[in-house]
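Input: a single structure, listed below in structure tokens.
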Amino acid sequence: MIHPDTELRFISPEVGHGVFATKLIPRGTVVWVLCKLDKVMTAAEVEALPPAYQPIVERFAYVDNAGEYVLCWDHGRNMNHSCDPTTLGVGPDIEMAVRDILPGEEITCEYGGLNLTGRLKCYCGSPKCRGTISGDDVLQLWQTWDQRVADTIQHAPQVAQPMLGFARNAQQFWAWVHGTDKAPSHREYHAGGTSIADDVSNRPWALRGRIAGGK
Ligand SMILES: [Zn+2]
């Protein structure tokens, strides 16, 4: 579930829609949580869906660290990637603002840890843009992302946290914030297998697109 101070806006034919802040969302705010209304499906369950459903799953779901498909029920499913994102994951089920997000600014996340099946063209426009995004980017970049979360999580107790009432693991989040538990590394988000070199911009999370293999 995405933060209430957000709305959907059309960006361009290449990118489609995106999620934008309607008010200031301060650094340390949980912006998205995996909630009980989001649909989590095994690969077998996705495969068993009638063909009409497949393009929706391939475009709007993502693949988590367990290799399961997650389809958000609200406009959280329209959150776009940026190579310099405004949010990063704290564990696989929570996205936190890693800097202040201003009213009218797009809310973005990092697709490089979401087990893309191939390479996705990136239109993020950041000076840090990688050009394309791969599901294996996490294997190179996890330390940078972990450090950014570690530098930000201390701000969480000082800001409003309307999303934690919907989280599956709010207590766990506070244990990570207060340092009684160590927050999981982004390295653990990789579901194994290998992201292929093909351009999969139209079907980023196509079934059976990743090459099976060990972690
Ligand atoms: Zn980019």
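State all residues of the range 129-148 that are under 20 Å from Ala97 (Cβ atoms) and free of Cβ contacts under 8 Å to residues at least 12 places away in the same chain; if no residue qualifies, say none.
Thr144, Gln147
Only one of Gly179, Gly165 is part of a helix (DSSP H, G or I) and away from the ligand (no atom under 16 Å from the Cβ). Can you tell me which?
Within the list Gly179, Gly165, the selection yields Gly165.
Within the range 99-116, take every residue that is buried (at least 24 other Cβ atoms within 10 Å of the Cβ) and in a loop (DSSP other than H, G, I, E, B) and give me the one that is modelled with the highest pLDDT.
Once the filter is applied, the top-ranked residue is Glu110.
So Asp74 passes all but one of these: (1) in contact with a strand residue (DSSP E or B) (Cβ under 7 Å, 6 or more places away or on another chain); (2) surrounded by 18 or more Cβ atoms within 10 Å (Cβ to Cβ). Which condition number does it fail?
Of the numbered conditions (1) in contact with a strand residue (DSSP E or B) (Cβ under 7 Å, 6 or more places away or on another chain); (2) surrounded by 18 or more Cβ atoms within 10 Å (Cβ to Cβ), the odd one out for Asp74 is (2).
In the range 105-128, is there at least one residue being within 15 Å of the ligand (Cβ to nearest atom), on the phi > 0 side of the Ramachandran plot and either without any contact (Cβ under 8 Å) to a residue 60 or more places away in the chain or not small (Gly, Ala, Ser) (or both)?
For the range 105-128, residues within 15 Å of the ligand (Cβ to nearest atom), on the phi > 0 side of the Ramachandran plot and either without any contact (Cβ under 8 Å) to a residue 60 or more places away in the chain or not small (Gly, Ala, Ser) (or both): present.
Which numbered condition trips up Asp151, out of (1) farther than 20 Å from Asp93 by Cβ; (2) away from the ligand (no atom under 16 Å from the Cβ); (3) free of Cβ contacts under 8 Å to residues at least 60 places away in the same chain; (4) buried (at least 17 other Cβ atoms within 10 Å of the Cβ)?
(4)
State all residues of the range 2-26 that are surrounded by fewer than 19 Cβ atoms within 10 Å (Cβ to Cβ), modelled with pLDDT of 95 or more and assigned to a loop (DSSP other than H, G, I, E, B); if no residue qualifies, say none.
Correct list: Pro4, Asp5, Thr22, Lys23, Leu24, Pro26.
The values are calculated or read from the model by the stated rules, or taken from the named source; none is laboratory data. Treat the numbers as computed from the prediction; the structure is a model and nothing was measured. Backbone-built Cβ (ideal geometry, glycine too); neighbour counts: all protein chains shown.
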